[in-house]
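First comes the structure, then the notes that go with it.
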Number of protein chains: 4
Amino acid sequence: MFTLDPDSSYMMPAHFGPRPVSPKSSGRYRDVTMMVVPFLTDRDRLAAYLPAPYEVAESAVVTVTYACNRNVDWLAGRGYHLVGVSAEVVFRGEKETLEGNYTLVMWENLTDPILTGRELQGIPKIYADIEDHSVIAGEWHASASHFGNKILDMSVADLRAPTAEEVQAYAQATEGRDNPMAWRYLPGVGGLGQSISETTTFPSATTLSETLVGEGRLDWNHLNWEQNPTQFHIVNALAELPVVAYLPAVVAKGSVDLILPRRPSRVIG
Amino acid sequence: MFTLDPDSSYMMPAHFGPRPVSPKSSGRYRDVTMMVVPFLTDRDRLAAYLPAPYEVAESAVVTVTYACNRNVDWLAGRGYHLVGVSAEVVFRGEKETLEGNYTLVMWENLTDPILTGRELQGIPKIYADIEDHSVIAGEWHASASHFGNKILDMSVADLRAPTAEEVQAYAQATEGRDNPMAWRYLPGVGGLGQSISETTTFPSATTLSETLVGEGRLDWNHLNWEQNPTQFHIVNALAELPVVAYLPAVVAKGSVDLILPRRPSRVIG
Amino acid sequence: MFTLDPDSSYMMPAHFGPRPVSPKSSGRYRDVTMMVVPFLTDRDRLAAYLPAPYEVAESAVVTVTYACNRNVDWLAGRGYHLVGVSAEVVFRGEKETLEGNYTLVMWENLTDPILTGRELQGIPKIYADIEDHSVIAGEWHASASHFGNKILDMSVADLRAPTAEEVQAYAQATEGRDNPMAWRYLPGVGGLGQSISETTTFPSATTLSETLVGEGRLDWNHLNWEQNPTQFHIVNALAELPVVAYLPAVVAKGSVDLILPRRPSRVIG
Amino acid sequence: MFTLDPDSSYMMPAHFGPRPVSPKSSGRYRDVTMMVVPFLTDRDRLAAYLPAPYEVAESAVVTVTYACNRNVDWLAGRGYHLVGVSAEVVFRGEKETLEGNYTLVMWENLTDPILTGRELQGIPKIYADIEDHSVIAGEWHASASHFGNKILDMSVADLRAPTAEEVQAYAQATEGRDNPMAWRYLPGVGGLGQSISETTTFPSATTLSETLVGEGRLDWNHLNWEQNPTQFHIVNALAELPVVAYLPAVVAKGSVDLILPRRPSRVIG
């Protein structure tokens, strides 16, 4: 008979034992390349996608981030790609108020981190084919597709080093707001009702070694059910979110640590 | 502000609305090709993987099933492949006793059904590359790999039509036991503790149009953490489960309906 | 020192020996599913793509064929997908006149048959991601993409059994014209000049077990160099070929034999 | 009617026009990461794979190279992976003698460079799935598979900076020997006879920015026809080539330029 060890961490299938660990494993993503394209959108349109007690922050900013993750320790040195969409929000809970970014959706091209992200943190990860970014004539490109149908093309052009003022403004704008947040929701068996509904935060630490600033651009496709039966409503919602203005886009290299012993993933309330 | 409609079914990300439906959608898998390889194993070794109140059935039978699913309605007519491993069990709950098959693990090559299976039914689905089965010189082959490392090769050879006795014996053996079962388990945020732990059943109806009987064979690989850091413990557990004797293997074509209005997926207790 | 056996067939790398054979191999494609979408186009526009002595046939018909090939003997029972584009032509050579179909381009999702087709017959095969066709609500769909960018969507709807007249008309129209043809061209080392330039035919035998007739549709994408740097000129040429009228489309299942001992692949002249 | 422009470079399908060019294109591979594992082998065993007038060089050295090519200009900034196997040789032709490396085989995970390499230079490129290399606990890994069956695992461990002596010895050993060579062979239509048989060289310039030295290791799989019907004889030949001793392996980053105006790809004789 199989029994759970209460000090261990399990995911389905749990009956073969805890999630495997290795002395070589850690939360380190040692080689990360990012394209970050933020834009101002319509406040009310964005608010329609935020469950209480999340509210749109002072500025209605949505950010699309492509990341090429390599040398990821928990994948034994392998990697994967992601395209995440998040919104600047304020969480006004009963016990705490937290400024940060609410993850609207995150596409990844590897199922393993999709499962851990969904089940351990409530990050709304879903699958897409995401090829390596390409760089041609100084312009960076990334894209995501599923079932052979394009979801998004994104690019950053006219790259230059950031000014000292930009670096300082960025540091001020993000100070104390490095709180990625999400909504861990699981329905009852069969799909109706709810088994889990809780708001979460999952801090990580990013160290950048190279940063350039440029002009970002996003081209969302509109899709129908036949083209992407599991995600078309998500893609269309994002395609219809107005781009009031693009903010400076960033291309950067660095590393990420997912595990901060003093700031673990947790429920916020 | 986003609010849930209590009559709808949601999965993460829930804030973009309920799981999409189409008038063209249903639970039908219209074109399914299967290879089914059952074997007798060691009773105690198998029991070690069953959480209470699941018990090994009268015979300690484990079945490995490859399925090539095509023309799947909820995927807008697309398909995917799976390799599932299940054990014959008796569920002896407080309220009900149920004979059927407990899903030990199910590899699939598409993330979308992995997410619905895990979150709506608790089926322990994980990802593998599973190519189309091949047929050469009358022998059928299928296999599964992840991160470029082989998990399993399976084959069925010496195919022939089943005898009337075999058909009748099979009908008797499975009557009233068509109950796929699983354990829906989700940890707390961050991975420790448990948020959901419940036993489930998720009936479906399979209609076979062609069935052949043959000699099955399974070749599991042994893997280390470097080769498959998220699944090696599962693969090794199955590789080490003794094959006391192969039972007649089956190759079949047909269709499957996942949704039986009178027998919905449910928690058993 | 490696030397060639003049009675064997070699492809690069030749120095490891002849192309491997097996007693289980043959030219049989045992399970083929096809979507065939022919259309009338502009005579002069089509003629611009035909090298002498190929001429547009009596009708300027271009046919786009999707095939899902399974249980292919020379691939040890595996399969692959293709999307081919051919034109009805007359070859008026010095020695012979031949009516048949000239292959304008053939996309395949497996490199092995691309290499054999190009090098042994001169079929202008190139790579594309081609997913399994999907069937939803009676409508068939297939598509091809490369580098994440869609090349073509094709579909066949309103399927029905062909009338006796249609079957007879088709037999008459194709009698004696079952001659697939191509132009085997290889440049000199480095890319300039020509090392091989010869016209070829490569007969095969198709046996159909199920045939339905319907309404075909083709949606070509227009692409730029950044999207598909090796094929955009081909895709755009086909996208700009006018569809004067669609002819009845066909969905069919059957088998194909690539090797006809009395009608081998050969140079025509 | 289509006619060739004698000043342009064509590949099949030639009738849609010359190989496309862009002002953004060039022969630059701007971001290349390599693992290089050389070993001493048996002189006679290696000689059996060399067509005249290639001879084994003073030392019977075979080198396996993995390269992760990114930001490749002719692919509009995309990339691909390769695993190449070459032997140190002397070409003793009628007109010239050339020391360099003869390409025994090169696996690549993208069909486009496979076709250009085969047809423009005679490089014996064939397809394999080659995932991004992984780096874990300071050890580098790469591998190649086809049809779901592993061809090769390679690794480099115990990395350290090269000594000044090693750098100098390497420079001396390779001076004037940077001549990659191959055998461009194409059979007649249908596969018998030969249409092209010529020896080639295709110089390129590699610039390394980071180089580390370590212990290499190669683990070839043995395969049968069922597992890899088009390549098993190649894989087995390499698996059976004795490793008399591993030479120092290298891990390096840098860039490559395929086009050297003064040293174009050419036939040697």
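The values are calculated or read from the model by the stated rules, or taken from the named source; none is laboratory data. Treat the numbers as computed from the prediction; the structure is a model and nothing was measured. Cβ atoms come from the backbone with ideal geometry, glycine included; neighbour counts cover every protein chain shown. These accessible areas exclude ligands, DNA and RNA; they are computed on the full protein's heavy atoms, side chains included. Shrake-Rupley method; radii C 1.70, N 1.55, O 1.52, S 1.80 Å.
Distances from C:SER197 to itself in the other copies, using label points 7 Å out along the Cα-Cβ axis, amount to 2.5, 7.3, 7.7 nm in increasing order.
Assuming R0 = 22 Å, can you tell me the calculated FRET efficiency for the pair B:SER197 and B:GLU55, based on Cβ-Cβ distance, to the nearest 0.05? The value I calculate is 0.75. Summary of the geometry: segment D:187-241 and segment B:29-43, compared by the centres of their Cα atoms, lie 39 Å apart. Position C:PRO6: other-copy label points at 3.4, 8.5, 8.9 nm, ordered by increasing distance, label point 7 Å along Cα→C-beta. Chains C and D together bury roughly 6700 Å² of accessible area, counting both sides, with a 1.4 Å probe on protein heavy atoms only.
Give the shape of segment B:108-185 as rounded, prolate or oblate, defined through the alpha-carbon gyration tensor: a ≥ b ≥ c are the square roots of its eigenvalues, a/c under 1.5 means rounded, and otherwise the shape is prolate if a/b is larger than b/c and oblate if not.
On the way: a/c = 3.31, a/b = 1.18, b/c = 2.80.
Judged from the Cα gyration tensor, segment B:108-185 comes out oblate (a/c at least 1.5, b/c at or above a/b).
For the pairs C:LYS125/C:LYS253; A:LYS150/C:LYS150; A:LYS150/B:LYS24; C:LYS125/D:LYS125; C:LYS150/D:LYS24, flag any whose C-alpha to C-alpha distance is greater than 18 Å.
On the way: C:LYS125/C:LYS253 23 Å; A:LYS150/C:LYS150 8 Å; A:LYS150/B:LYS24 22 Å; C:LYS125/D:LYS125 16 Å; C:LYS150/D:LYS24 22 Å.
Over 18 Å apart, Cα to Cα: C:LYS125/C:LYS253; A:LYS150/B:LYS24; C:LYS150/D:LYS24.
What you get for segment C:1-117, charging only the Cβ of Lys and Arg (+1) and of Asp and Glu (-1), is a dipole of about 460 debye around the Cα centre.
Computed from point charges on the beta carbon alone (+1 for Lys and Arg, -1 for Asp and Glu), the dipole magnitude for segment A:74-143 about its Cα centre is near 200 Debye.
Roughly speaking, to the nearest percent, how much of chain C's 1.4 Å accessible area is carbon and sulfur? Can you show the working numbers first?
Details: 5420 of 10820 Å².
The C+S portion of the solvent-accessible surface of chain C is 50 percent.
So what's the net charge close to B:LEU192: Lys and Arg +1, Asp and Glu -1, counting the other residues with Cβ under 12 Å from its Cβ? Working shown, then result.
Values: positive: A:ARG19, A:ARG266; negative: A:ASP5, A:ASP7.
Local net charge: 0.
Segment A:114-156 and segment D:161-179 have their alpha-carbon centroids 42 Å apart. The long axis of helix A:164-174 is offset from the longest Cα principal axis of chain A by roughly 30 degrees.
With n ≥ 4 as the cut-off for DSSP H runs, can you work out [θ] at 222 nm for chain B, using -39500 (n - 2.57) per run divided by the number of residues, rounded to the nearest 500?
Value at 222 nm, helices only, nearest 500: -3000 deg cm²/dmol.
Specify whether the C-alpha gyration tensor of segment C:150-246 places it in the rounded, prolate or oblate class, a ≥ b ≥ c being the square roots of the eigenvalues: rounded for a/c under 1.5, otherwise prolate if a/b is larger than b/c and oblate if not.
On the way: a/c = 3.07, a/b = 1.41, b/c = 2.17.
The shape class here is oblate.
Across the identical copies, the label point of B:ARG92 (7 Å from Cα in the Cβ direction) is separated from its matches by 5.6, 8.3, 8.9 nm, in order from shortest.
Each 10 Å bin from 0 upward holds the following percent of the Cα-Cα pairs of segment A:4-50: 17, 22, 18, 27, 16. Springs between Cα atoms under 10 Å define the GNM used for chain A, and in it the highest mean-square fluctuation of A:PRO53, A:PRO180, A:PRO124 occurs at A:PRO53. Considering only DSSP beta bridges whose two residues both sit in chain D, what percent are antiparallel, to the nearest 5? Expressed as a percentage, antiparallel bridges in chain D total about 95.
Using a simple spin-label model with pseudo-atoms 7 Å out from Cα toward Cβ, A:ARG92 and D:ASP44 lie 8.7 nm apart. To check you understand DSSP bridge types, tell me what percent of the beta bridges within segment A:83-162 (both residues inside) are antiparallel, rounded to 5. Of all bridge pairs located within segment A:83-162, approximately 90 percent are antiparallel.
Each DSSP beta bridge with both residues in the protein assembly as shown is either parallel or antiparallel, and the antiparallel ones are about 95%. Relative contact order of segment C:100-259: 22 percent, from C-alpha pairs under 8 Å at least 6 residues apart in sequence.
Each of A:MET35, A:GLY190, A:THR174 was placed along the dipole of chain A (beta-carbon charges, centred on the mean Cα), and the one lying farthest toward the positive end is A:GLY190. Rounded to the nearest 20, the size of the Cβ-charge dipole of chain C about its Cα centre is 680 debye, with Lys and Arg at +1 and Asp and Glu at -1. For segment B:92-233, rounded, prolate or oblate, judged on the Cα gyration tensor with a ≥ b ≥ c (square roots of eigenvalues), a/c < 1.5 rounded, else prolate if a/b > b/c? It comes out oblate by the Cα gyration axes. The rotation axis bringing chain C onto chain B passes closest to the chain C residue reported with its distance as C:ASP132, 4, by C-beta distance in whole Å. Considering only A:TYR170, A:TYR49, A:TYR29, the Gaussian network model of chain A with Cα springs below 10 Å gives its largest mean-square fluctuation to A:TYR170. In a Gaussian network model over chain D where Cα atoms closer than 10 Å are linked, find which of D:ASP44, D:ASP132, D:ASP178 has the largest mean-square fluctuation. With Cα springs under 10 Å in chain D, the top fluctuation among D:ASP44, D:ASP132, D:ASP178 is at D:ASP44.
With only Cα atoms counted, segment B:65-138 has Rg and Dmax values of 14.9, 51 Å.
All other residues whose Cβ lies under 11 angstrom from that of D:VAL89 are scored, Lys and Arg at +1 and Asp and Glu at -1, for a net of -2.
The local environment of B:SER145, defined by Cβ-Cβ distances under 12 Å, has a net charge of -3 under the rule Lys, Arg +1 and Asp, Glu -1. Overall, the ratio between the Cα radius of gyration of the protein assembly as shown and 2.2 N^0.38 Å, rounded to two decimals, is 0.95. Relative contact order of segment C:72-138: 28 percent, from C-alpha pairs under 8 Å at least 6 residues apart in sequence.
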